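Here is the structure we will look at, set down as structure tokens.
The values are calculated or read from the model by the stated rules, or taken from the named source; none is laboratory data. Computed from a predicted model, the values in this text were never measured in an experiment. Reconstructed Cβ throughout: ideal geometry from the backbone, glycine too, with neighbour counts over all protein chains shown. These accessible areas exclude ligands, DNA and RNA; they are computed on the full protein's heavy atoms, side chains included. Shrake-Rupley method; radii C 1.70, N 1.55, O 1.52, S 1.80 Å.
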Amino acid sequence: MRREVDPIPPGDPDPTPGQVMGFAGLLKAWRAAAGARRGRTITQQEAAAAIKRSVRSYGAIERGATVLKLDGDQCEALAELLMLSRDERRALMLHSLGTLPEAAPRRPDPRVKKALQLFIDQQMPSPAYLSDGTWSILAYNHTMAEWWPWVTEPDANLMKWALLSPEARVQYSDWEKHAEVYVRLLKFAVASRRGDKALLRLISDVCADPDVGRIWKTHYDLGADRDGHVFHMDVPALGETVEVVSHVLFPASLPECRLVVITWVQGDESNSRRIDALGGVRDAWADRSSGVRHLTREWKRPAELPRRSASCRTPDEAAAFAGDGGVRLPALSRHVGPDVRLTLSPSNASVIWATRKSGSWAVAEFNASAVLARFPCTGDPDTTTELDALMRTTMACSQQQGDLRRPRATSSRRTRSTRAGVCAPNAAGLV
């Protein structure tokens, strides 16, 4: 029998992975390296005990006389004994099992998260975010926060927002179609991660809603992701309905997470009910049986939105970004959560939104109309008073826009800025 550590014979048409990688030699090298790290020799007897094989059997594996074939538990036990790195562990499992077990959800370490945050920030002006295996938001950029402020809330979760929040049912055009797609994603996830308790709790929470529960019981399709979906959304921050494309990426360092970039596109409005902005059949993703046909269609990227963010040490410093005449909004802040402070800036027609993040406060500036749109009317007098202040600011902004438009036609770039609620220079100093 040819040993796995032997060189590949010239002209061998079917070399084995063991020949190419020399797994027998790797096992010996890993055992020696683990012994050096532990400060003692790791014996073949210990390795054999870890995989529940005889010393003779394990010795044959290290000599290359026997092909390495272990189950998942044996691979894990051997990897622990040999103190293998993440990549070494994956190589061991791929060689022995031919596949990788489903990775357990985990939070990114600080270095990975910092690198991913840099990538997400570089997607500006497109909204972008990172979510974990149960769709909890781990990171986002400034445009994402400006368009959808819910991501700044503590324990923000895409599934809970999309399926349970009243604003999602307004912002998604034909919410029922989108809810069906999100249910497909949940069913795919639970099929591949049966023992994930956090996922099961999430499904229980969203299915408590009668509409979502009905969809869960009556639809049986599965979906892995929303990559390439083109759909309309009503974005209050822009003051209009826009067509967006969802791009879903899976970071190699965190394969269980999703890095999503939302691209805003515009196309010829002719036949808009039948063709999306990329020339495909509109809402083909909603009907699993429909093929996606692509037609010729021109489209263009819209003008950039302004970047507005800062970081400070205290909520008082955050409120100071509202400038002179800033109005604290404690009732609305409590409505969002205990780690959020909102301050109205009447001079800029905006709201300073501060969120506590690990000892500091992350600050973003939203136009007042976008914040107003996400709060329902309540019977609480304090909340009503603050909503009235937001309404007056929004109406004043709309009046100013009308005055600016009357004297002469504006450029397309100026029009989009006006739609986004940028009514005055950013005196708050957020960049």
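For (1) crowded, with 17+ Cβ neighbours inside 10 Å; (2) modelled with pLDDT under 85; (3) among the hydroxyl-bearing types (Ser, Thr, Tyr), each residue gets a yes or a no:
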residue	(1), (2), (3)
Leu70	yes, yes, no
Arg86	no, yes, no
Arg90	no, yes, no
Asp109	no, yes, no
Met124	no, no, no
Pro127	yes, no, no
Ile137	yes, no, no
Ala162	yes, no, no
Ser165	no, no, yes
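Based on what the data block shows, is Gly402 at pLDDT below 85, surrounded by fewer than 18 Cβ atoms within 10 Å (Cβ to Cβ) and more than 25 Å from Arg169 (Cβ to Cβ)? Against the criterion (at pLDDT below 85, surrounded by fewer than 18 Cβ atoms within 10 Å (Cβ to Cβ) and more than 25 Å from Arg169 (Cβ to Cβ)), Gly402 qualifies.
Candidates are the residues of segment 220-231 that are within 19 Å of the chain's Cα centre (by Cα), surrounded by 14 or more Cβ atoms within 10 Å (Cβ to Cβ) and not aromatic (Phe, Trp, Tyr); the one that is farthest from Trp147 (Cα to Cα) is Gly223. For segment 22-94, list the helices (runs of 4 or more DSSP H) that sit wholly inside it and hold at least 3 residues that are touching a Pro at 6+ places or on another chain (Cβ under 7 Å) and among the hydroxyl-bearing types (Ser, Thr, Tyr); which are they? Where helices (runs of 4 or more DSSP H) fall fully within segment 22-94, none carries at least 3 residues being touching a Pro at 6+ places or on another chain (Cβ under 7 Å) and among the hydroxyl-bearing types (Ser, Thr, Tyr).
Quick check, is Asp14 at pLDDT below 85, open to solvent by 60 Å² or more (accessible area, probe 1.4 Å) and under 30 Å from Ser253 (Cβ atoms)?
Numbers: at pLDDT below 85: yes; open to solvent by 60 Å² or more (accessible area, probe 1.4 Å): yes; under 30 Å from Ser253 (Cβ atoms): no.
Criteria not met by Asp14.
Filtering segment 27-63 to residues that are touching a residue at least 40 places away in the same chain (Cβ under 8 Å), open to solvent by less than 60 Å² (accessible area, probe 1.4 Å) and either of a type in the set (A, V, I, L, M, F, W, C) or farther than 16 Å from Glu76 by Cα (or both) leaves Leu27, Trp30, Ala33, Ala34, Ile42. The single condition among (1) of a type in the set (D, E, K, R); (2) at pLDDT 80 or above; (3) in contact with a Pro (Cβ under 7 Å, 6 or more places away or on another chain) that Arg356 does not meet is (3).
Take Ser311 and decide whether it is at positive phi and modelled with pLDDT under 85.
no
Considering only residues in segment 139-160 that are within 20 Å of His229 (Cβ to Cβ) and part of a strand (DSSP E or B), the one that is least open to solvent (accessible area, probe 1.4 Å) turns out to be Asn157.
Looking only at residues of segment 187-214 that are touching a residue at least 24 places away in the same chain (Cβ under 8 Å) and of a type in the set (Lys, Arg), we find that the one that is nearest to Asn157 (Cα to Cα) is Lys187.
For segment 192-219, the set of residues classified as open to solvent by 40 Å² or more (accessible area, probe 1.4 Å) and part of a loop (DSSP other than H, G, I, E, B) consists of Arg194, Gly195, Ala208, His219, listed by residue number.
To keep it simple, each residue is scored yes or no on (1) at pLDDT below 90; (2) in contact with an Asp or Glu (Cβ under 9 Å, 6 or more places away or on another chain).
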residue: Arg193; (1), (2): yes, yes
residue: Cys207; (1), (2): no, no
residue: Thr218; (1), (2): yes, no
residue: Asp225; (1), (2): yes, no
residue: Glu243; (1), (2): yes, yes
residue: Val265; (1), (2): yes, yes
residue: Glu269; (1), (2): yes, no
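Tyr58 passes every criterion in (1) at pLDDT below 85; (2) more than 15 Å from the chain's Cα centre (by Cα) apart from (1). Go through segment 318-359 and report how many residues are of a type outside the set (A, V, I, L, M, F, W, C), under 14 Å from Thr152 (Cα atoms) and open to solvent by less than 40 Å² (accessible area, probe 1.4 Å). So the answer is 3. Reported count of residues in segment 167-183, each being in contact with a His (Cβ under 8 Å, 6 or more places away or on another chain), open to solvent by 20 Å² or more (accessible area, probe 1.4 Å) and not in a loop (DSSP other than H, G, I, E, B), is 1.
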